[in-house]
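What follows is a set of notes on a single structure, which appears directly below.
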Amino acid sequence: MGRDFVFAVRQLRTNLRFSVIVVLTLALGIGATTAIFSVVSGVLLRALPFPEPDRIVSLQTVEYPHAETATIGSGAGVIDDVSFPDFFDWRQQSKTFEAIASFAYGTTRKFTPSGNAAPQIVSAEYVSGDFFRVLGVVPMLGRDFTLADETDANRPIILSHRFWVTEFHSSPDIVGKQITISDRVATVIGVLPAGFSFPGLGDSPSFWGAFMRASLLGVSPSGMPQKESISPVSRRNERSTQVIGRLWRGASVAQARAEMSAIQRSLAEQYPEDRNAYEVEVRPLLEYVSGDYRKPLYLLFGAVTAVLLIACANVAGLLLARGFARRHEFGIRVALGAKASHIVRQVLIESTVLAICGGAIGIALAFVLLKTVLGLAPADLPRVAHVQIDGIVLVFAFLVSLVTGVVFGVFPAWSASRSDASGLWRAGRGISGGRGEQRLRASFVIAETALSLALIGGSGLLIGSFVETLRVPPGFDPHHLLIFRMGMSFVEFPNEKARLFFRQLFPRLAAIPGVESVTSAYPVPISYSNTSRFAIGGRTNDPNDLPVSNRVAVEPHYFETLRIPLLKGRTFDLRDDWNAKRVAIVNQEFAREFFPNEDPIGKSIQPDFAEFGESPTWYEIVGVVAGIRTNDLTSPPPPGFFVPYDQATNWPQGVIMRVSGEPRAYMNAVRSVVAGLHRDVPIFAVTTMEENIVGSTTSQRFEAALLTCFGGAALLLAAVGLYAALSEMVARRTFEIGLRVALGAQHGDVFGLVVRRGLSLAAIGLVVGLGAFAIFGRLVADMLYGVRAFEPAVVVVACALMLVVALVASAAPAWRAARLEPAAALREE
């Protein structure tokens, strides 16, 4: 073994050009596979960084449509978040959980530092008591939340380690101190350990606050920031919070699911609002956090594995060709008494040495590729901080290198082991090798072509889907729109003062040179949806089963600024203030669904503003506008209604300006105007509508870009493999080709012979690849928009591209064969 290893290294040095080609080919495959595996490992496989993470689960409500209430347990239910009343009942009645807690993803708050420092916007997360107990996290200073904190008027908060260091200079006596958050005093009760972050949140929030149960505190929720308080009139069908739990030791996910579903069925029988929510979905927290990205990441890992297999096939073919060139050496070994097992061992050791070298370079390449992958990754990719090339990934790369060395070396080793002493005497006549070996070489080329077609076609599908997504009209003009938010607390800016501030601000913003119009909305398009239940005037409305629609509070000129077409009636103007008659505008989807074959103008709806402590009020519909996309471009416009900001109970959060030039160039002027009205109102979340639209497609762009890179690499490797196969064929059949020319064959005939061989192999590979492409298309069907899983145009383009590559790869060996001199070929030894 030692002598064989030394000889393998010597062969590496002696045949340096051949070794470099093989090593670089393997490095490409192993490096790309390692980079993608590091993402899969960090996001999907690595255990959550909490004690006994397998005991932490997520809980979600399963709601069944009316027609399917009889199919409970069939998987036909719709998984949704949880309402606060249901959560409290779950927490009280469950026996399989050590603790249950709730949280609501993401919000921002205004933090006012002590001294003369300007206020700043910080991220915050609000949770119920026992949240950190569920995770098993203990603050490094102070204590964590308890159930009593949900009714503590001192508004307890826990600081992140980063916020504690940057803003409070790692003060050890911070616990018990009061700080100003959104112009309210909050009490610091603890500091979290360094590096703590909740999976799925991205960057750790600056602080964590306890949900305030406003009904017990006697505090009006309309005077408290969103996500900080629990409305005293929260309904069971208002599912807006996420729930996690820690199982007791010995309890299984299946037991928890059965118990919680039984509790939920009991609640559904007691409360009409819950009558369609009969089950609870319980699954490991890791699965819940990474759920949306599991399929795309596994798909990309499968694609990059295909690239590695192509590289292996390529190298196996090169080693087969190398084995043919060494037939004289192997014949001498056999003549001197070498057994077939000795030759197999020698070739396998050589291939393993090449694979280890390729793996070493591949790991170095993986570091570079990983930076590129993470640069393309969507901003909401969960657990991205855990993506790194660590010990687990290095072990994976090493094992892949070893397995690869064996996989691509076994066929050449088998071929070499069939050498015998007679090869010494037959080597000089240009033998073409056995048919089995030729078929094996052809099989490698066919497999490479088939896999390459599947990857190229798959990338074509995703690129086509991405392009079709960008072509979708959002329903408004997204160009030259600047969007920003302002840090205005409910304490300093109650509703009336906020309205006055906006009435002063908008004319000043509109006076900036180049500004065409100014408005505001909550929420802005292409961000998220805000839904509301409502009653319809003149109809019987079940208060426990009211219809649901998108709701947007807007300032005047909203539809004109976004250039949303008015189809009927009028839009809002300055006369629609707090003292005027309540009015609303609906989109055409709303009119079509709730007023079919009717004119909605003059009809009335009663939005449910109960969460703000407001009495029901009827709003008269005065206009109908075209529908727009609200969340992303792939979701059709949902039914929605608009109410004037001055008549709404929550003020708009996004200011929208239509400008004539580059939107961000106006920000300095905007900051000056805002500071002139109130210097302590920070501006944040500055973006443009075009950036929002592009940002909504980051997942599609990520998948399409990576798969295109893999497809390009596969195409290159397939071309090299075909070139090598045909070059070897020409080398093996030199004597035959010379004989053909000597007997009258023309150079064109020889050229055509080689090209036809290459194209025939490629054609067979394309036929096989069409089946692989069809399978791939079915796997990604739910990820596509605007293209079919077996799109004919993509098939034609991919096949044509593969044939062109095959023709180019065949041309060089064919040209070399056509230029052979008969006399020299017949003398070839």
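Taking every DSSP helix (H) stretch of at least 4 residues in the chain, weighting each as -39,500 (n - 2.57) and dividing the sum by the residue count yields a mean residue ellipticity at 222 nm of -16000 deg cm²/dmol. Asp542 sits with roughly 70 Å² accessible to a 1.4 Å probe, with DNA, RNA and ligands left out of the calculation. In this structure, the amide hydrogen of Val127, modeled 1.01 Å from its nitrogen in the peptide plane, lies closer than 5 angstrom to those of Gly209, Ala210, Phe211, counting only residues at least 5 positions away or on a different chain. Using the 1.4 Å probe convention, the accessible area of the chain works out to 42 Å² per residue with neighbouring protein chains retained. Split the accessible area of the chain by element, probe 1.4 Å, and carbon with sulfur accounts for 60%.
Computed packing ranks the peptides 38-45, 675-682 as 38-45, 675-682, most packed first, by mean other Cβ atoms within 10 Å. To the nearest ten degrees, helix 285-325 and the longest principal axis of the Cα atoms of the chain are 10 degrees apart. Counting only aspartates and glutamates at least 8 places from Lys568 when in the same chain, those with an alpha carbon closer than 17 Å to its own are Glu560, Glu589, Glu593, Glu598, Asp599, Glu620. Compared with the dominant Cα axis of the chain, that is its longest principal axis, helix 253-270 is turned about 30°. Between 0 and 90 degrees, the angle of helix 667-677 with respect to the longest Cα principal axis of the chain falls at about 20 degrees. Using 0.36 nm per residue and subtracting the Cα-Cα separation, the extra length available between Ala379 and Asp542 on full extension is 54.6 nm.
Full extension of the segment from Lys177 to Val797, taken as 0.36 nm per residue of separation minus the current Cα-Cα distance, would add 216.5 nm.
You can think of it this way: the chain between Ile764 and Asp292 has 166.2 nm of extra reach, that is 0.36 nm per residue less the Cα-Cα gap. Charge dipole of region 631-702 (Cα centre as origin; +1 on each Lys and Arg Cβ, -1 on each Asp and Glu Cβ, all else neutral): 140 debye, rounded to the nearest 20. Annotation for Asn154 and Arg17: the two label points, set 7 Å from Cα along the Cα-Cβ direction, are 8.0 nm apart. Note on Ala117 and Val9: the model spin-label points, each 7 Å out from Cα along the C-beta direction, lie 5.9 nm apart.
Placing R0 at 51 angstrom, the Cβ-Cβ distance between Phe684 and Asp80 gives a FRET efficiency of 0.95 after rounding to 0.05.
Here r is the Cβ-Cβ distance between Ser266 and Glu620 and R0 is 25 Å; the resulting FRET efficiency, rounded to 0.05, is 0.05. In this label model, Arg592 and Lys497 are separated by 4.5 nm, measuring between points 7 Å along each Cα→Cβ vector. Between Asn668 and Thr187, the C-beta separation translates, for a Förster distance of 30 Å, into a calculated FRET efficiency of about 0.20.
Charging the Cβ of each Asp and Glu at -1 and of each Lys and Arg at +1, and nothing else, the dipole of the chain about its Cα centre rounds to 3600 debye. For the set Lys497/Lys581; Lys295/Lys371; Lys497/Lys603, the pairs lying more than 27 angstrom apart at their alpha carbons are Lys497/Lys603. In the chain, inverting the average of 1/r over every pair of distinct C-alpha atoms gives 31.5 Å as the Kirkwood radius.
The values are calculated or read from the model by the stated rules, or taken from the named source; none is laboratory data. Predicted model, so just to flag it, every value in this text is computed and none were measured. When we count neighbours, we look across all protein chains shown, and the Cβ atoms used for this are built from the backbone with ideal geometry, even at glycine. For the accessible areas, the whole protein counts, side chains as well, though only heavy atoms, and no ligand, DNA or RNA atoms are used. Shrake-Rupley method; radii C 1.70, N 1.55, O 1.52, S 1.80 Å.
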